[in-house]
Amino acid sequence: MGYARDDIDKVRQATDLVELVGAVTKVKRSGRSYMAICPFHQEKSPSMSLDPGRGLYHCFGCQKGGDVFTFLQETQGLDFNEAIEELGRRAGIHLQSDPGSDRRRGRRNALIDVVRRAIDVYHGWLREGDQAGAARAYLRSRGYDRDVVDDYRLGYAPEEWDSLVKELRAGGVAEDDLVEAGLARRGRGGQLYDYFRGRVMFPIHDLRGDPVGFGGRILGGDGAKYLNSPDSAVYHKSRLLYGLDRARTAISQTGRSVVVEGYTDVIALHRAGVGEAVATCGTALTDEHFDLLRRFGERVVLAFDADVAGTQAARRTAELDAPVRLDLDMRVAVMPDGGDPADVVQAGRLAEVRAAIDDASPLLEFVLRRDFDRINLQEAEGKARALKKAAEFIPRITDPVARTEYETLVSKLTGIDRADVTAAMSSPTRRNQVVERLVRSPDADSDRLESAFLRVMILNPAGADVIPVEAFERSESRQAAELLVELRTAPGQEVDITDASIPEPIRRVLRSALLEDSPLAVDAILERARKVRIDAEIDQLETVIASTDPAEDGYTQAFNRLIALQQEKRRP
């Protein structure tokens, strides 16, 4: 299919290049020309030059360039004809094409049209459907009137298995299109059923405003609280942010985006005048999300609640590569009383929400303080653990001033000498040396602690099995502990370390542990072992949670176990 040269020129002349580029990245005027953050490679300073008079652009960083059609092709994944059609539609220019051009539209446009039709159906059911009473009541409880419902095109998916399938199929939508658009699935017999059922529907749009999918909130019964469209040719959750199509202008103006956790939070903040709010679409934040946000502003504020889930979300973000690589100003705003932004706004406390966002703490400072809050910094082992936590982040900081500030903060929070903190952050070898020196104190010497553990395992009182073999770092101590586990019998029955089957080097270690001068009390050692075991499992769970999508089953299980362990650790 081709278009007349006159039509192509009309579309080109009617398209504002600055506005087109500004829809997907940050543009600044520079004298008589314009410069933009290049969306085709990662950069901190604008290197793409725009010539609106000629309708041309060129990046001096990656050498990408072209005209308005090229830009739309590169940023939206369109072919040349699709780019002409899209820009012609925006400019209100009727294009002369050969017959049947509609049938040969790009697959992307066809799927977007299916999603758009589904939005209309869901919206109509919410407004007029007999079954949507609970959905309308829920939205009223959130403070949403009809204007909000219409503005955001909110909808309702009925409980029936194939309501949407029947409606759209009757309107001529092909079954394969319904499946590919993420609106339906096939059962074992090949029959289609609706992907969303019994949910309030939030349409999701891509950066240029095209509808690409949905987030559905359950109203009752079993199932995940939120269900999002599956990834498809048009819906990619790791590259989508709910509300960004509305928020991009505000973000460009303020240089700040505000990332919240839910669709209702975005709507509440937008309505309250915080137009920079966006949310992920059923997934944790990814490096791709930050590559997208940095086009519009360098500061990113995570507006979370104050519970463990919010803390873990911040920690996962701190572990990503993009915020460091792109030198983003990452911050965390904790909502008043630990509430969700939507709840706090609905309670009439917008000023407090704004203050929390304006006064947001630097991300790394927030993560370090929260990590350290769970550690007993009065103990040498606690100080060593805090150093290891800090070493997960501080060595990644490239700015020398910022790194010095964070090393000073760690020293202040832990009581560890500033020079030792700097040394510990410089390399794993230096860090191990500092940790070893820290724990070698009269009441917390690691060798003495391991000997004390062995002594209790020999005495074998009730509860001795709480001491894990993993608590031993010295190889000879670990071998001795493994042997004691094999020889241990009923609680209260001391293990015979004179057994001839025990190798002499191991017997020597066991004798030394059993006959140690001024041995620590058994109860104190069992309590110490309990905390060692809990700390080890907490560290393991935090690693699992940080690398797991919240939508996966394993995340909830690990999260619940983490809460239980933290409560167990605080128990006297």
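For this structure, a couple of remarks:
- Note on segment 315-330: among residues that are in contact with a helix residue (DSSP H, G or I) (Cβ under 6 Å, 6 or more places away or on another chain) and of a type in the set (Lys, Arg), the one that is least open to solvent (accessible area, probe 1.4 Å) is Arg315.
- Here Val259 meets the list (1) without any contact (Cβ under 8 Å) to a residue 60 or more places away in the chain; (2) open to solvent by 40 Å² or more (accessible area, probe 1.4 Å); (3) within 20 Å of Gly338 (Cα to Cα) almost entirely, failing just condition (2).
- Residue match in segment 62-73 (condition: more than 21 Å from Ile251 (Cα to Cα) and aromatic (Phe, Trp, Tyr)): yes
- Matching residues in segment 543-572 - criterion: being open to solvent by 70 Å² or more (accessible area, probe 1.4 Å) and among the basic types (Lys, Arg): Arg561, Arg570, Arg571
- Unique residue being of a type in the set (A, V, I, L, M, F, W, C) and in contact with an Asp or Glu (Cβ under 6 Å, 6 or more places away or on another chain) when the list is Val278, Val274, Val258, Val234: Val258
- Residue within segment 372-382 that is basic (Lys, Arg) and in a loop (DSSP other than H, G, I, E, B) present: yes
- Filtered residue count, segment 36-77, keeping only those that are touching a helix residue (DSSP H, G or I) at 6+ places or on another chain (Cβ under 6 Å), free of Cβ contacts under 8 Å to residues at least 40 places away in the same chain and either under 18 Å from Asp210 (Cβ atoms) or surrounded by fewer than 16 Cβ atoms within 10 Å (Cβ to Cβ) (or both): 1
- When residues in segment 409-430 are screened for being open to solvent by 60 Å² or more (accessible area, probe 1.4 Å) and under 21 Å from Ala314 (Cβ atoms), 1 of them pass.
- Yes/no for Asn460 being at positive phi and at pLDDT 75 or above: yes
For every residue, the table says whether it meets (1) touching a strand residue (DSSP E or B) at 6+ places or on another chain (Cβ under 7 Å); (2) on the phi < 0 side of the Ramachandran plot; (3) modelled with pLDDT under 95.
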residue: Glu128; (1), (2), (3): no, yes, yes
residue: Leu154; (1), (2), (3): yes, yes, no
residue: Pro158; (1), (2), (3): no, yes, no
residue: Gly189; (1), (2), (3): no, yes, yes
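- Long-range neighbours under 8 Å by Cβ, at least six apart or interchain, first residue under 15 Å from Arg186 (Cβ atoms) within segment 162-173, second among the aromatic types (Phe, Trp, Tyr) and not in a helix (DSSP H, G or I): Asp162/Tyr193; Leu164/Phe196; Val165/Tyr193
- Unique residue being touching a Cys at 6+ places or on another chain (Cβ under 7 Å) and either more than 24 Å from Arg246 (Cβ to Cβ) or modelled with pLDDT of 80 or more (or both) when the list is His58, His94, His41: His41
- Candidates Glu392, Glu473: the one that is open to solvent by 40 Å² or more (accessible area, probe 1.4 Å) and closer than 30 Å to Arg508 by Cα is Glu473.
- Failed criterion for Arg246 (all others in (1) surrounded by fewer than 22 Cβ atoms within 10 Å (Cβ to Cβ); (2) assigned to a loop (DSSP other than H, G, I, E, B) hold): (2)
- Any chance Leu387 is more than 22 Å from Asp329 (Cβ to Cβ) and surrounded by 19 or more Cβ atoms within 10 Å (Cβ to Cβ): yes
- Against the criterion of being farther than 24 Å from Tyr138 by Cβ, touching a residue at least 12 places away in the same chain (Cβ under 8 Å) and crowded, with 20+ Cβ neighbours inside 10 Å, Arg208 does not qualify.
- Number of positions in segment 515-524 that are at pLDDT 75 or above and crowded, with 17+ Cβ neighbours inside 10 Å: 0
- Number of the exception - Gly216 against (1) modelled with pLDDT of 90 or more; (2) open to solvent by less than 20 Å² (accessible area, probe 1.4 Å); (3) closer than 23 Å to Leu328 by Cα: (3)
The values are calculated or read from the model by the stated rules, or taken from the named source; none is laboratory data. Please read these numbers as outputs of a predicted model, since none were measured by experiment. Every residue, glycine as well, gets a Cβ built from its backbone with ideal geometry; the counts of neighbours run over all protein chains shown. Keep in mind that these areas ignore ligands, DNA and RNA; they rest on the heavy atoms of the full protein, side chains included. Shrake-Rupley method; radii C 1.70, N 1.55, O 1.52, S 1.80 Å.
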